[in-house]
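Here's the structure we're looking at; comments come further down.
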Amino acid sequence: MGMNSVEGSSFFAPGSVIWDLQSTNNLDAIRETIQRTTVFHAIQGLNVDAFAETVVRRELEQSTGFGHGIAISHGRTDQVPTSEIALGVSRHGIEFHAFDGRPVHLLFVVASHPDRQIDYLRILSSLATMARNELFRRELLSCLCQEEAQQKVFTAFSGVLQRNVAVQSYRAS
């Protein structure tokens, strides 16, 4: 397991959380999250507009709103060497056609390389674990600023990711 795998990464660095999404529908919200976070703009060689459209096309095939006010949208592109995650937070909620019919308040966008399926699945399961935690959702939405939200999501994600990796290594041994 090299350090370039998920557990060696630190996600939700400054600029990966957008605190006040303005968009009220899913496709605009995806585009806004990708355009406004610095995390995707910082990837050399990534065409951010093309990436946004990849994520939008994927969303049109099937909604990534999986309930509890959370959506995890994603796009695969060989222009990203490692997986990257951004989070858009919406106070008023976004219409996402989620299966429970509820609006989305936390929109995660994941960029992953097509060859890094394991990394992508680890990230997805960690985000899903966080998202199912009602206390985490409430605390995140009650943050007062972007920095606070960023710190909270970074800490929660790191913790969940480490537990998931530990469980997987234990099962593998």
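FYI, it's all coordinate maths here, none of it is from the lab. Not measured: the values here are computed from a predicted model. Cβ coordinates were reconstructed from backbone atoms using ideal geometry, including for glycine residues, and neighbour counts include every protein chain displayed.
By Kyte-Doolittle mean hydropathy of at least -0.5 and Cα axial length of at least 27 Å, which whole DSSP H helices of the chain are selected?
Working: long enough: 146-172 (38 Å, -0.43).
Within the chain the helices that satisfy the rule are 146-172.
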>> I want the antiparallel fraction of DSSP beta bridges within the chain, as a percent rounded to 5.
In response: 45 percent
> How far apart, in nm, are the 7 Å Cα→Cβ label points at Thr24 and Arg138?
Replying inline: 2.8 nm
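Would you calculate the volume per residue, in Å³, of the smallest convex hull containing every Cα atom of the chain?
Taking the convex hull of the Cα positions in the chain, it is 110 Å³ per residue.
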> Order of Thr33, Thr77, Thr24 from fewest to most other C-beta atoms within 10 Å?
Replying inline: Thr24, Thr77, Thr33
>> Suppose a student asked you for the relative contact order of the stretch 13-168, using Cα pairs under 8 Å spaced at least 6 residues apart; what percent would you report?
In response: 24 percent
> Using the 10 angstrom Cβ neighbour count as an exposure proxy, how do Ser126, Ser23 rank, fewest first?
Replying inline: Ser23, Ser126
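Within 10 Å of each residue's Cβ, count the other Cβ atoms and sort Asp20, Asp119 from fewest upward. It would help to have the intermediate numbers written out before the result.
Working: Asp20 11, Asp119 19.
Ranking Asp20, Asp119 by Cβ neighbours within 10 Å, fewest first, gives Asp20, Asp119.
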